[in-house]
Amino acid sequence: MLHDVLPTEQTAAAAVPQARGRAIVVTSGKGGVGKTTTTANVGAALAAGGATVVLVDADVGLRNLDIVMGLEARVRHHVLDVLEGGATLDEALVTDKRVPRLKLLAAAQAREKDDVDTDAFHALIDSLRERFDFVLIDCPAGIEMGFTNAIVAADEAIVVCTPEVSAVRDADRVVGLLGERRTVQLIVNRLRPDLVRKGKMLSVDDVNAILRLPLLGVVADAPDVIVATNRGEPVALDADSPAGAAYRAIAQRITGALTSAPEIPRERTFFGKLFGSRS
Amino acid sequence: MSARRIVVTSGKGGVGKTTTTANVGAALAQLGKRVVLVDADIGLRNLDLVLGVEKRIVFDLVEVVEGRCQLRQALIKDKRLDNLAILPAAQTRDKTAISELQMTEVVVQLGELCDYVIIDCPAGIEHGFRNAIAGATEAIVVTTAEVSAIRDADRVIGKLQERGLPLRLIVNRIRPEMVRSGDMLSVEDVTDILSAELLGIIPDDAEIIDTTNRGEPIVLMPEARLATIYTKIARRLEGELVPFTSLNAPGFFERFFGMAG
């Protein structure tokens, strides 16, 4: 059997239909809506599902993906080292502690976004696509140079948006800038079903009435995400976390393993609370 | 006498810069100060939404800089607070449309018209950040008690110090119950890490999401818990010594472990 002679990572790659890895940028316009958390968790869920994944932190000068992954102590080289020849790609890739198929390429912390050459960054992402099933690019907030670089090599984009008027407006602007060439999908993050019911928060439908994007997933607001982020442990790897389950479903929708429409988180009912089920 | 020109910045996005700008500005206006708020987030403006003036925008910051209108023509007066006005950012341009020098000129000129110019800085540390801090004489750094926000705030504080800008810290969205359970850093932890002087502590409060979506600064709702807190911050800016008091939130533990102000 062909499968028997291939190393595990390539066997996993065979499960994904593309011959070349997919480059997906995670972006939002507005900061603090959950781009980095989404990148870490979707990446971890894809890797846990068998794919080879590299996470690229494009937020030069304000990197955080290493912290969210709990890998900050293991970063020795960064994207700019690779681009400028100070390190090889293999030296710069940090292997995840939990899922070895998952790698991180950290951003430079003491440098500026203008230091990144757009063409060289494009070439770097292309070379990563030769080696990984998924290249997830964590975009910085805003629509300046860092944004331009982060999206340049991506054919697909995940737009993360919270149910807030300002986040929706910024996301709408970003969708325009992403252009027609890219496949764009939406994750609505930090939904609070109780506030939606009281009319104090936009619903998923409200958000998407403006953005009109294919919905990839909805993640409810949950304190365990903050805790996990501070601890550097993606909730996607926590079987008991509802947010983790949402990220795993998103990963399955990305690979095509799941085709049903995303579930909208609802309030826990009285009986649900009593008996501990998540309804 | 020239105005105080304060930039509200953070590094990380989504920690509450715009909400802080709107509410601290409105609180200062309520204290009788003449306040102009400047949205420096060209291309991704939101301060107009948070203040509910988005439909009244005629001219913007870039048009002022390009000489297409008078500075006063671009200012939108708040309908609720007489001495509050906003200079909106351009939405369809990008941050390189203006230079640091041009921004400084606008901010200094605004300073002749009022007591406080408060500049809402974009996220990040690129061109938009450099513009936003260019004309400021002091800074408010907003952070949450999350590791990533603190790391970004630290980077921004370094850049502000290079410029010699005095700064004070607002720790936003504190959840006392999470601090108590050890799942969130305390305000003391944050101020220790950043070694910065504290200007305010703001608890996490779902009400702010709703008021922000509706374009109504929460300081205009006197019964709201956060209204008191923003007013205290405004009084501290005015030089009053306002103690950081315990949070009068419901719940035994919050009374013991929660602080606010």
Step by step: first the residues of segment A:26-58, then only those that are out of contact with any strand residue (DSSP E or B) (no Cβ under 7 Å at 6 or more places or on another chain), within 14 Å of chain B (Cβ to nearest Cβ) and assigned to a loop (DSSP other than H, G, I, E, B), then the one that is surrounded by the fewest Cβ atoms within 10 Å (Cβ to Cβ). Which residue is that?
A:Gly32
Of residues in segment A:151-171 being among the acidic types (Asp, Glu) and more than 22 Å from B:Glu216 (Cβ to Cβ), the one farthest from the other protein chains (Cβ to nearest Cβ):
A:Asp155
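Residues of segment B:111-137 being among the small types (Gly, Ala, Ser) and within 18 Å of A:Asn149 (Cα to Cα), which ones?
Once the filter is applied, which keeps residues that are among the small types (Gly, Ala, Ser) and within 18 Å of A:Asn149 (Cα to Cα), segment B:111-137 yields B:Ala123, B:Gly124, B:Gly128.
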In segment A:119-150, anything within 14 Å of chain B (Cβ to nearest Cβ) and either among the aromatic types (Phe, Trp, Tyr) or surrounded by fewer than 24 Cβ atoms within 10 Å (Cβ to Cβ) (or both) is listed as A:Met145, A:Phe147, A:Thr148
Only unsatisfied item for A:Thr38, checking (1) of a type in the set (Ser, Thr, Tyr); (2) over 16 Å from A:Pro140 (Cα atoms); (3) within 19 Å of the chain's Cα centre (by Cα), is (2)
Taking segment A:65-83, which residues are without any contact (Cβ under 8 Å) to a residue 60 or more places away in the chain and either crowded, with 21+ Cβ neighbours inside 10 Å or within 14 Å of chain B (Cβ to nearest Cβ) (or both)?
A:Asp66, A:Ala73, A:Val75, A:His78, A:Val79, A:Leu80, A:Val82
Selection count where residues are free of Cβ contacts under 8 Å to residues at least 40 places away in the same chain, in contact with a strand residue (DSSP E or B) (Cβ under 8 Å, 6 or more places away or on another chain) and either over 18 Å from A:Asp138 (Cα atoms) or buried (at least 18 other Cβ atoms within 10 Å of the Cβ) (or both), scope segment A:90-118:
3
Lone qualifier among B:Ile119, B:Ile201, B:Ile193, B:Ile174 - being touching a Ser or Thr at 6+ places or on another chain (Cβ under 9 Å) and within 25 Å of B:Pro243 (Cα to Cα)
B:Ile174
Qualifying position, being surrounded by 18 or more Cβ atoms within 10 Å (Cβ to Cβ) and more than 12 Å from every other protein chain (Cβ to nearest Cβ), among B:Ala145, B:Ala139:
B:Ala139
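Quick note: the coordinates plus some simple rules give every number you see, no bench work behind them. It should be emphasised that the depicted structure is a prediction, and the values quoted were computed from it without experimental measurement. Glycine gets a Cβ as well: all are built from the backbone with ideal geometry, and neighbour counts include every protein chain shown.
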